[in-house]
Amino acid sequence: MANVPRGGAGLWRRPDFLRLWCGQSISELGSQVSQLAVPLVAAGELRATPLEFSLLGVAGFVPFILLALPAGAWVDRTRRRHVLIVGDASRALLLAAVPVLWALGELRMWELLALQLALGTFTVFFDVAYQSYVPSLVEPEHLVEANSRLQFTVALAQVGGPGLSGALVAAFTAPYAVAADAVSYVISAGFMLRMKHREAGPERLADGSAHQLWDEVKEGLRWVSGHPWLRAVAASTAVYNFFSNVAFAIFILYLVRALHLSSLQVGLLLALGACGALVGAAYAARAQRHLGVGPTIVLAAALGGVANFAYPLAPASWPAPVLVLGLALGGFATVIYNITQVSLRQAITPQRLQGRMNAAMRWIVWGTIPLGSLMGGVVAQACGMRFTLWLGAAGGMLAVLPVALGSVRRVGAMPAPPGLVHASPG
């Protein structure tokens, strides 16, 4: 573990954080398998059109538009560990349905889309609870280190996962490879069940009426929209997610059909590109200490936009080096950006608003993902896949403007968290 960012020795004395970290690391590795295998099911076995293919991304993220805001208010009313366990177990069952339906000869494109929609629904609740739970497990001074470790193992999964997925697809075909992700969620749920930390009881209201729920939702939205730093980060991330998903909606389809890469080649390409994310996770804490929080966010946003130009520029005769360079630079920039801005969000938000803040941010920044995916599919169907990659790259450069022009660019050291509550060691 020598490459893990330094400075967080106290995290090793937090066994519940370590359980969360281990469970997430395993499920992230499994998720890398299905993130490649499910699109390959659609592109290969089900022969999806570019528009149908893009709908996979739309289905997975539509729940963030519909459910993220009420999910945040609901998560703040309940114990987050329970949400994590149910989310992992439910997604395991849903993913297990893919190889079962394929074995029965019943898997259709509409069923794959329905499964993606259901997976996205449980992911909304899990994701909001997960990011809201971390600040209660570690000390304020270790938030950046904790998020760096979580992102470091995500990056490790991105390095090993695509190669593993490509090998599993080659050995067992794409539908059966998805089973590996189902198993990873079962293991992750087991780690969550072993966590000993018990959260303080959530705030109780006189009743659980929809009116009061909506009041809580509005409070979270007001917190995000009213804080200049959160507002700038939300705008920047939303723009980037929209345009990057214009391109990535058809990226794997482009690799398979336009560049004629095999599943093993695609997996190797993604694994090599993910090395950039690994480096970013290892150096995120050092970058924000040396440059400051705000400048790190601005620089990372700019680099992430530049990286997307590699995809349409990759020559058809030998695309791998240019594609790997783009994926590596994009992964490096995105991981540093995410670690820094998520830690900033957690640090400046009161504990009672963590769920609603994360939900409001997710609603804004992930709500643009299905819109970008849908636009990518429509544009690719009408104008071709390479033109779509150019459009995504050009639009992605706009993402740096909100953080570069806003006051968040002047944030130096990580602010002191306002009244976070922490678990006792053990």
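Values in this text are rule-based calculations from the coordinates and carry no lab data. Model, not experiment: these values are computed from the prediction. Cβ placement follows ideal geometry from the backbone for every residue including glycine, while neighbour counts extend to all protein chains displayed.
Summary of computed values
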| quantity | calculated |
| --- | --- |
| Whole-Hz ³J(HN,Hα) from phi, Karplus 6.51 cos²θ - 1.76 cosθ + 1.60, for region 179-189, glycine and proline x | 4, 4, 5, 4, 5, 5, 5, 4, 5, 4, 4 |
| From phi via Karplus (6.51, -1.76, 1.60), per-residue ³J(HN,Hα) for region 40-46 in Hz, x at Gly/Pro | 5, 4, 5, 6, x, 5, 9 |
| Gyration tensor (alpha-carbon) shape descriptor, region 82-210, a/c threshold 1.5 | oblate |
| Against the rule of thumb 2.2 N^0.38 Å, how large the Cα Rg of the chain comes out | 0.93 |
| Gyration tensor over alpha-carbon atoms, region 328-402, equivalent ellipsoid semi-axes in Å | 30, 16, 9 |
| Gained length - Ala416 relative to Asp215, 0.36 nm times residue gap less alpha-carbon distance | 69.6 nm |
| Scattering curve values for region 191-340, log₁₀ I(q)/I(0), Debye with Cα scatterers, q = 0.10, 0.12, 0.14, 0.19 Å⁻¹ | -0.55, -0.72, -0.86, -1.10 |
| Nearest-20 debye value, the chain charge dipole, Cβ charges on Lys, Arg, Asp, Glu | 800 |
| Area projected by the alpha carbon convex hull of region 65-123, averaged over all directions, nm² | 4.3 |
| Exposed-site-free run, longest, the chain (rule: GluC sites (Glu not before Pro); DSSP loop; at most 12 other C-beta within 10 Å) | 204-426 |
| Stokes-Einstein diffusion coefficient of region 283-426, Kirkwood radius over Cα pairs, 37 °C, 0.692 mPa s, in µm²/s | 191 |
| Dipole of region 48-198 [Lys/Arg +1, Asp/Glu -1 at C-beta], most positive-end residue of Pro63, Met195, Thr121 | Met195 |
| Dimensionless Rg ratio for region 138-203, taking C-alpha atoms and the 2.2 N^0.38 Å reference | 1.55 |
| Sequence-separation-based contact order of the chain, relative, with Cα cut under 8 Å and 6+ spacing, percent | 30 |
| Translational diffusion of region 129-277, µm² s⁻¹ [Kirkwood Rh, Cα pairs; Stokes-Einstein; 4 °C; 1.567 mPa s] | 66 |
| Overall form of region 218-302 per C-alpha gyration tensor (a/c, 1.5; a/b vs b/c) | oblate |
| Rg to Rh, two decimals, where region 263-317 supplies the alpha carbon set and Rh follows Kirkwood | 1.09 |
| In Å, descending, principal axis extents of the Cα set of region 11-160 | 50, 35, 26 |
| Per residue convex hull volume, Cα atoms of region 28-79, in Å³ | 91 |
| Burial order of peptide ranges 222-229, 18-25 (average beta-carbon count within 10 Å, highest first) | 18-25, 222-229 |
| Cα→Cβ-extended label distance, 7 Å offset, between Glu45 and Val322, nm | 3.4 |
| Sites Arg222 and His290 - FRET efficiency at Förster radius 41 Å, r taken between beta-carbons, to 0.05 | 0.75 |
